[in-house]
Each structure stands twice: as C-alpha cells, then as structure tokens.
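Worksheet: one structure, shown below.
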Amino acid sequence: MSELLTAIEKTAREGLEAAAQAGDAAALERMRVEYLGAKGRLTELSRALGALPKDQRPAAGQAVNRAKTELTAAHAKALLALDRGPDVADLLDVTLPGRRPARGRRHLISRTMSEICRIFGQLGFTVVEGPEVETDYYNFEALNFPADHPSRDMQETLFVGDGLLLRTHTSPMQIRTMEKTRPPVWVVVPGKTYRRDDDVTHSPMFHQVEGLAVDKGLTMADLKGVLTAFAAAFFSPETKIRLRPSFFPFTEPSAEVDIACVLCGGRGCRLCKGSGWLELLGSGMVDPALYGFVGYDPDEVSGFAFGLGVDRAAMLKYGLSNIRHLYEGDLRFLTQF
Ligand code: DAH
C-alpha cells in the first residue's frame with residue numbers, strides 16, 4: 001500500500017514539474033498525455049487500485065483523485081499563461097491613478113427649469129404641467145388670438161393634423177388651469193414648446209415657464225414685485241429689471257420685462273447692443289376677455305401672467321452664444337456646467 005501511495009505522490013510531483021517546465025503548447029500537450037491521458041501514468045495508477053486489499057483502496061483512491069485535480073489545474077494554468085503571454089500582474093502598475101467612469105447628470109435645461117420652479121415655489125406658486133400636443137382652442141382661441149393672427153400661420157406653428165398642433169407657448173395652461181380651479185390661482189408651468197424657428201438663438205423645440213396668478217386685487221405692482229424677486233434669486237441680488245409696454249392678445253396691459261445686462265451691468269456692451277438691457281420675458285395683466293372663457297368674474301378677481309424662455313434665461317445666466325450647444329449632446333460642452 002505505501003508503495004502505491006509513494007508512486008502516486010512521485011507522479012504528482014513530476015507532473016507538476018513537467019507542467020511548470022513546458023515552454024510551449026506542444027510540451028504542455030505531451031505533459032497532459034503522459035500524466036492525464038487515457039493511457040497516462042495516473043490512469044495506470046488508478047487501475048492498480050483494484051489489486052489492493054479492500055481497506056486500503058479508499059485512501060489510495062483519494063490520493064489518485066487529488067493528484068488528477070492538481071495536475072489538471074496545473075495544466076490549465078500553464079495553458080492560460082502560454083495564451084496570454086506574461087502574467088498581467090507583471091504588466092499592471094497598480095500605483096497608477098484609475099480612470100473615472102463617466103457619470104451622467106441632469107441636463108443644464110432641466111436643472112435651470114427646476115431652479116426657476118423652485119424660486120417661484122418659494123414665492124407661493126404651485127407647479128402644474130400640461131400637454132405638448134394642443135388644440136387650436138387652448139393655444140389660440142381662448143387666449144384671445146384673433147383668427148387672422150400671424151402665429152396661427154403654417155409659417156410659425158407646427159400643426160400635427162386633425163385640428164391639433166404642438167403648443168407654441170405654455171400659455172394654454174392658463175386656460176386649462178382656470179377651467180379646473182376657482183381663484184385664487186398661483187401656478188407656474190414648466191414645459192417644452194415648439195415653433196418653426198431655427199437659428200443661433202432659436203430652436204424648434206425650446207422651453208418655457210409660464211406663470212399665472214389670479215386673486216383678489218392683484219395689480220401690476222404685484223407682477224413687478226414677483227419678477228424683481230425672481231431676477232434677484234435667479235441672476236444676482238443686484239439684478240435690476242424694467243418693464244416696457246408691449247402687446248400680447250391675452251394680457252392687457254402687456255409688458256416686456258428686461259434685466260440689466262448680465263455682461264456690462266447696464267453700461268452698454270456688445271451683448272446688449274449698447275442699450276444696457278436684455279429682454280427676458282413677456283408678461284402683463286390677464287385680459288378680462290379670458291375670464292369669459294373660464295367662467296371667472298372680472299369684477300371679483302384680477303391677475304397677472306408671464307412667460308419666461310428657459311433656454312434664453314440659461315443662455316444669459318451662463319453666457320452661451322449658441323442655443324444649439326444645448327441640444328447637440330456634446331459632453332465636452334455639457335459637463336462644463
Ligand atoms: N406666450 C408668450 C410667448 O410665447 C409669452 C407670454 C407673454 C406669456 C405674456 C405670458 C404673458 O403669460 O403674460 O411669447
């Protein structure tokens with residue numbers, strides 16, 4: 001019995017040695033055939049087990065199996081090493097700094113939109129959202145647009161058939177909100193808007209945040225107060241605003257709101273074309289004609305509204321000159337913010 005065990009151990013040692021010495025695939029294959037093959041040395045040894053007395057067979061059997069496992073593993077390892085060339089551990093400098101996997105983040109526009117909503121949230125407005133595919137009624141008619149208004153033209157609006165269109169502004173939500181709720185109403189509406197426009201400052205898909213407040217006794221002073229607070233929070237505490245008379249079908253009176261130029265602070269530069277002011281948004285007092293569409297009593301309530309271009313606000317805040325940078329998905333640009 002001890003003779004057989006000794007022979008098994010010797011064979012295992014020699015096999016391991018042969019695997020370690022094999023310099024190429026042919027030598028390794030010879031090692032496999034000699035030790036592990038069907039007529040190999042370990043196979044011969046397991047045949048010899050049969051001649052042993054019964055009580056000695058288990059120990060010898062285990063020894064042969066162990067030797068087979070060891071040699072099979074040594075063969076596999078040597079084979080891998082041949083395939084791979086030198087061990088990777090020898091080539092790898094574990095002291096080198098690692099490469100950071102690129103991590104996703106929210107797009108500049110999403111973040112700007114959230115920030116705008118957060119600021120108005122602190123001023124008492126609630127966020128609501130509405131459909132991007134709209135009807136003529138909500139996008140135009142109930143907002144007091146006359147039938148021959150140029151924005152109802154194919155040149156300006158993207159129609160999708162069946163009397164439906166891609167909303168050209170977030171203002172339709174003024175009507176949808178008032179239809180569903182009684183005053184007081186204080187809402188902001190962030191969302192995507194669409195127009196047939198495409199140049200360095202216009203994209204066919206862009207973003208707006210609409211604001212609507214309808215309550216007892218609201219005046220233009222409330223509008224100006226809210227927008228002054230917004231400009232201070234969004235741009236910088238000293239940012240001045242001014243209201244300029246304007247026209248929108250759904251507000252009367254209407255005002256365009258400018259902020260003091262973010263680049264020169266009002267002295268006049270290339271960005272503000274020497275005027276010291278930059279146009280930021282449209283606004284005004286809700287035209288009482290709208291109350292007729294939603295069943296509000298114009299003698300009871302008054303309101304103000306505004307519509308802010310998010311892309312434009314982001315471009316002003318971060319000094320971007322081309323709106324297309326926002327939509328080309330170029331990480332070299334987007335990860336700067
Ligand atoms: N809807 C207008 C636009 O897209 C912007 C606007 C102007 C919204 C005046 C308003 C407003 O709520 O009162 O150009």
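The values are calculated or read from the model by the stated rules, or taken from the named source; none is laboratory data. What you are looking at is a predicted structure, and each value in this text was computed from that prediction instead of being measured. Every residue, glycine among them, receives a Cβ derived from its backbone with ideal geometry; neighbour counts consider all protein chains shown. What goes into the accessible areas is simple: the full protein's heavy atoms, side chains included, and nothing from ligands, DNA or RNA. Shrake-Rupley method; radii C 1.70, N 1.55, O 1.52, S 1.80 Å.
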Given the C-alpha centroids of the stretch 225-241 and the stretch 179-193, what is the distance between them in whole angstrom?
22
Once the whole set of protein chains is in place, how much accessible area is left on Leu92, using a 1.4 Å probe, in Å² to the nearest 10?
120
Distance cut-off 19 Å, percentage of C-alpha pairs in the stretch 90-205 lying past it:
61
Selected from Pro53, Gly37, Ala25, residue furthest toward positive end of dipole (the stretch 1-135; charges at beta carbon):
Pro53
Mean separation of Cα contacts under 8 Å, 6 or more apart, over the residue count of the chain: relative contact order %
14
Tell me the carbon and sulfur percent of the accessible area for the chain, rounded to whole percent, probe radius 1.4 Å.
54
Shape call for the stretch 1-47, from the Cα gyration tensor axes a ≥ b ≥ c (a/c under 1.5 means rounded, otherwise prolate when a/b beats b/c, else oblate), comes out oblate
Kindly report the accessible area of the chain per residue (heavy atoms of protein chains, probe 1.4 Å, no ligands, DNA or RNA), in Å².
56
How many nm separate the modelled label positions at Leu80 and Arg244, each set 7 Å beyond the Cα in the direction of the Cβ?
7.3
Run the numbers on the stretch 24-135 and let me know its relative contact order in percent, using alpha-carbon pairs under 8 Å that are six or more apart.
19
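Using the Cα centre of the stretch 2-91 as the reference point, and only Cβ charges (+1 on K/R, -1 on D/E), how large is the resulting charge dipole? Debye, rounded to the nearest 20.
420
Once you charge only the Cβ atoms, +1 for Lys and Arg and -1 for Asp and Glu, what is the size of the charge dipole of the stretch 35-185 about its Cα centre, to the nearest 20 debye? Intermediate results must be reported in sequence, preceding the final value.
Values: 21 positive and 18 negative charges, 325 e Å.
Dipole magnitude for the stretch 35-185 comes out near 1560 debye.
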Pull the list of the chain cysteines that no other Cys approaches to under 4.7 Å, Cβ to Cβ.
Cys117
Pairs beyond 24 Å (Cα-Cα), from Lys10/Lys77; Lys240/Lys317; Lys54/Lys77; Lys180/Lys224; Lys180/Lys216:
Lys54/Lys77; Lys180/Lys224
Calculate the translational D of the stretch 2-91 in whole µm² s⁻¹ from Stokes-Einstein, where the hydrodynamic radius comes from the Kirkwood formula applied to all Cα pairs, the temperature is 37 °C and the viscosity 0.692 mPa s.
237
Add -39500 (n - 2.57) for each DSSP H run of 4 or more in the chain, then divide by its residues: what number comes out at 222 nm, to the nearest 500 deg cm²/dmol?
-12000 deg cm²/dmol
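Expressed as cubic angstrom per residue, what is the convex hull volume of the alpha carbon set of the chain?
Looking at the chain, the number lands at 309 Å³ per residue.
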Short version: what are the Cα gyration tensor semi-axes of the stretch 287-337, square root of 5 times each eigenvalue, largest first, in whole Å?
41, 11, 8
